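Below: the structure, in structure tokens.
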Amino acid sequence: MSAIVRFRPELGAWLVAGLDEGRGPAALVETMIAERMTPAVAQAIVDAFVNARRADQPVPVDAIAIDEGAPVFLREPSLLERGRGRTARVHTGDGVVRVLARGDGPHLTLLGDLMTPAECRRLIDLARPRLQPSQVVDPQSGANVTASYRNSSGMFFRLEETPFIAQLDRRLSAVMNQPLDHGEGLQVLRYGEGGATAPHFDYLLPTNAANQRSIARSGQRVSTLLVYLNEVEGGGETVFPHAGFSVTAQLGNGIYFESSNSLGQLDRQSFHAGRPVTRGEKWVVTKWMRQRRFVPAGAE
């Protein structure tokens, strides 16, 4: 069932001007909430304007329809930017990472110089002997199963497993603007020709006991940072269908995105996939952040 939410045309003009000036949707929502608008309504209105502009359609004039049965995701300011603003560079303690592009639905940031070519090669060499066919958690049973939609091999490092891994853990945690102990261990994946990942979410669906226990121990996954460890000869792009955003794999670059907010709402806009590798191979490393200290299964 839909409800009609009406607003003054002056608000619409203000939103159009703000978007034209480059203000992010999250900042516009914050301003509207500060003016005593209900957060869900503010988010729904801004989303309607952003989606209309993306689709090259007329923006709403004085009303929108909201599905009362579906809670509106409240898009808060990006975790990446809290306390540091929308900087062009992120200082990590052992270097500087460049911000190349941003998006706000979901929060997406394309980053450059996350790792040097030598670090990428070293990480691949450490991971290669430990690769196993990639598995995923079955959403119903909670069991680890080999997935037909993920044609890859992979492995996990323990958090700070070696001094080199610890250096990478600290750097990526600094980039993500989260405590080191909120991070899961680094996961390295290799995709051969034809290797791809079907569209999916990184957050944990509480549909089975294993995920429920993991969320109880460490909270939900809040953000992901994926770093490309080699130059892919063909294909292998990371795509966000709902955002109309595609990232080409480039050595040492990466893509950051957020999956949930402080209210525990899950961002369905974070739906993403890996396109098939058409030539060569693709190596990536992923860091996931949780709401609180990450406690692996069996380590309680």
* Translational diffusion coefficient, Stokes-Einstein: compute it for segment 2-67 using the Kirkwood radius over C-alpha pairs as Rh, at 37 °C and 0.692 mPa s, and state it as an integer in µm² s⁻¹. => 277
* Structure fact -> Of the DSSP H helices in the chain, the ones reaching 27 Å or more along their long axis in Cα terms and averaging at least 0.0 in Kyte-Doolittle hydropathy are none
* Asked: Per 5 Å bin, what is the whole-percent P(r) computed from every C-alpha pair distance within segment 139-284?
  -> 2, 9, 16, 21, 22, 18, 10, 2, 0
* Give the long-range amide H neighbours of G195: residues separated by 5 or more places, or on another chain, with amide H under 5 Å away, using H modelled in the peptide plane at 1.01 Å from N. => V277
* **V222 long-range amide H proximity, modeled H, under 5 Å** => M289, R290, Q291
* In whole Hz, what ³J(HN,Hα) sequence does segment 89-98 give by Karplus (6.51, -1.76, 1.60; θ = phi - 60°), x for Gly and Pro? -> 9, 10, 8, 10, x, 10, x, 10, 10, 8
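FYI, it's all coordinate maths here, none of it is from the lab. Computed from a prediction, not measured in an experiment: that's the story for all the values here.
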